[in-house]
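First up is the structure itself, then whatever we jot down about it.
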Amino acid sequence: MVQIYAYQNSLKTGEGKDKYCFRSVVDQIMDSEQLVREIISYNSTITDADARAVLSVLNDRVRHFVNLGYKVELPFGYVYNKANGTVAKLNDGFVPGKGNHRITSVFKFKDDAADEMTKDASYKLAGSGYVQLPAIKEISSILPNGMESENLDFSAGAMLRIKGKNVSFVAEDEVQGVFLVSLDSSETRVSNYNRIGTNVIEAYVPAVASGSYEIKLVTKPGTERYEKTVYSTVVNVTA
């Protein structure tokens with residue numbers, strides 16, 4: 001769902017200009033794993049391996065030919081590179097990375113595809129204030145050598161790494177933070193952190209009863225409200 005917020009227009013420079021403007025955030029993400037499942041359910045003759053293989057090859061070939069200078073056509077748009085920059089003299093050469101010389105990748109939707117995706121689009125008027133919704137994309141444990149592990153079995157004092165978007169929070173505010181939520185819905189707030197960043201949090205697992213726990217994150221992106229997100233996979237803690 002596209003959530004639309006109204007907030008004060010900081011670019012308002014004169015009378016007659018609108019005082020407020022709209023911005024939006026998307027509160028749902030379809031990742032690659034979900035896309036694979038959707039492809040399989042769309043056509044029962046396509047296997048899991050088929051879907052993954054096609055996406056892998058598509059990813060590889062699009063990158064390869066765009067890198068070679070092609071404008072690659074996809075069913076709903078085009079991917080290509082373009083160059084930007086300035087020079088003082090007409091005969092000065094273009095050197096990527098020098099000054100403001102840049103080669104950037106571009107995606108351009110086909111008109112019919114863009115029209116179909118925006119026609120009758122799902123949206124919700126979510127109030128005032130532009131809110132950056134938090135999202136947890138991945139949770140991992142940290143091994144003694146500092147490497148990440150997909151093993152989500154923890155003991156008290158172990159480090160849990162959260163990767164996501166807009167995950168930073170104010171640790172001094174007891175409403176915000178990382179919480180372990182048990183199956184009976186009781187919550188334990190994490191009090192010790194190694195790192196609190198916009199995209200990464202490193203938290204030390206508190207002493208709790210052995211069992212399975214959901215990981216909940218609460219942030220306060222604005223002055224008006226708190227926002228929360230819960231990771232889709234539970235972690236296991238051993239007392």
With all protein chains present, how much of the accessible area of the chain (probe radius 1.4 Å) comes from carbon and sulfur, to the nearest whole percent?
-> 51 percent
Which whole-number percent gives the relative contact order of the chain, counting Cα pairs below 8 Å spaced six or more residues apart?
-> 15 percent
Once Leu125 and Lys228 are pulled to full extension, the length gained, defined as 0.36 nm per residue separation minus their Cα-Cα distance, is 35.2 nm
Could you give the nm distance between label points at Asp153 and Thr198, where each point is 7 Å from its Cα heading toward the beta carbon?
-> 3.7 nm
Using all C-alpha to C-alpha distances in segment 135-237, build P(r) with 5 Å bins and read off the rounded percent in each one.
-> 2, 13, 26, 27, 20, 8, 3, 1, 0
Comparing Phe107, Phe179, Phe94, which has the greatest mean-square fluctuation in the GNM of the chain with Cα pairs linked when under 10 Å apart?
-> Phe94
Under a point-charge model restricted to the Cβ atoms of Lys and Arg (+1) and Asp and Glu (-1), what is the dipole moment magnitude of the chain relative to its Cα centre, in debye to the nearest 20?
-> 1080 debye
Calculated over the chain: convex hull of Cα atoms, volume per residue (Å³) = 253 Å³
Under 19 Å from Lys98, Cα to Cα: lysines that are on another chain or at least 8 residues apart = Lys82, Lys89
Output for segment 63-101: trypsin sites (Lys or Arg not before Pro) sitting in coil per DSSP, at most 10 other Cβ within 10 Å, listed by number, reads Lys89
So which lysines pass the test for Lys228, namely a Cα distance under 25 Å, with those fewer than 8 places away in the same chain ruled out?
-> Lys124, Lys137, Lys163, Lys165, Lys216, Lys220
Environment charge of Tyr42, counting only residues whose C-beta is closer than 14 Å and scoring Lys/Arg +1, Asp/Glu -1 | -2
What does the accessible area of Glu214 come to, in Å² to the nearest 10, when a probe of 1.4 Å is used?
-> 80 Å²
Amide H proximity to Asn9 below 5 Å, modelled H, separation 5+ or other chain, gives Tyr20, Cys21
Say we join alpha carbon atoms closer than 10 Å with springs in a Gaussian network model of the chain; which of Thr118, Thr219, Thr86 then has the biggest fluctuation?
-> Thr86
Once the Cβ-Cβ distance between Ala49 and Ala88 is put in as r, and R0 is 41 Å, what FRET efficiency do you end up with, to the nearest 0.05?
-> 0.15
With point charges of +1 on the Cβ of Lys and Arg and -1 on the Cβ of Asp and Glu, referenced to the Cα centre of the chain, which listed residue (Gly157, Ser185, Val25) lies farthest in the positive direction of the dipole?
-> Val25
So which residue, out of Tyr80, Tyr42, Tyr213, gets the largest mean-square fluctuation from a GNM of the chain using Cα contacts under 10 Å as springs?
-> Tyr42
Using θ = phi - 60° and the Karplus relation 6.51 cos²θ - 1.76 cosθ + 1.60, list the HN-Hα couplings for segment 146-162 in order, rounded to whole Hz, with x at every Gly or Pro.
-> x, 7, 7, 9, 7, 5, 9, 9, 10, 10, 4, x, 6, 9, 10, 10, 10
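The values are calculated or read from the model by the stated rules, or taken from the named source; none is laboratory data. Keep in mind it's a predicted model, so treat the numbers as computed, not measured. For neighbour counting, all protein chains shown are included, and Cβ atoms are generated from backbone atoms with ideal geometry for every residue, glycine included. Side chains are part of the model used for accessible areas, which takes the heavy atoms of the whole protein and leaves out ligands, DNA and RNA. Shrake-Rupley method; radii C 1.70, N 1.55, O 1.52, S 1.80 Å.
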